[in-house]
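All of the numbers you see were taken from the coordinates with simple rules; none came from a lab. Model, not experiment: these values are computed from the prediction. Quick reminder, even Gly has a Cβ in these numbers, built from the backbone with ideal geometry, and neighbours come from all protein chains shown.
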Amino acid sequence: MLAPALNRTEMIARLNDRARQGLDRTAKIMMTSNLLAHLSDGTGPSRVVAQAKAMRAARNCTFGPDSPERDFASFEIDGVPVFMKIDYYDLELQFGSDDPADASVTRRVVTIMAREDY
């Protein structure tokens, strides 16, 4: 018996999960300097630790019913309010994607930012 086809929203959500988990090699994961400033003392090692904390938080975040594509989440890291947003672009990262449900024509950009950066 074949598994039922995924609906469009669930397909996008699964692709977003892969990007957020660091499993999509074509996705870009960005963190704002402001977020890293809040989470570190500005030294190189401290910034690396801050990036690791942000990645762990993004990988483990939960999504509310208002984010069925799992493309937006709000959480805290060490008391700092954080947003995580996934945007969809064409393969050259110049325009929006024509079809976010199609990984062959879409590059995802995951942005992890301090709430005030949004």
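Observations, loosely collected:
- Among beta bridges that DSSP assigns inside the chain, antiparallel share in %, nearest 5: 80 percent
- Rounded to 10°, Cα long-axis angle of helix 44-60 versus longest principal axis of the chain: 40 degrees
- FRET efficiency for Asp41 and Phe95, using Cβ-Cβ distance with R0 set to 35 Å, rounded to 0.05: 0.35
- Restriction of the trypsin sites (Lys or Arg not before Pro) in the stretch 13-104 to DSSP coil positions whose beta-carbon has at most 15 other beta-carbons within 10 angstrom yields Arg25.
- Contact order for the chain, expressed relative to its length and based on alpha carbon pairs under 8 Å spaced 6+ residues apart, stands at 31 percent.
- Length gained on full extension, Phe75 to Arg115, computed as 0.36 nm times the residue gap minus the Cα-Cα distance: 13.5 nm.
- Put a plus charge on the Cβ of each Lys and Arg, a minus charge on the Cβ of each Asp and Glu, and nothing anywhere else: the dipole of the chain about its Cα centre is then about 440 debye.
- The stretch 1-104: GluC sites (Glu not before Pro) in DSSP loop, at most 15 other beta carbons within 10 Å: Glu92
- Remark: the Glu10-Thr26 segment gains 3.8 nm on full extension, using 0.36 nm per residue and subtracting the alpha carbon distance.
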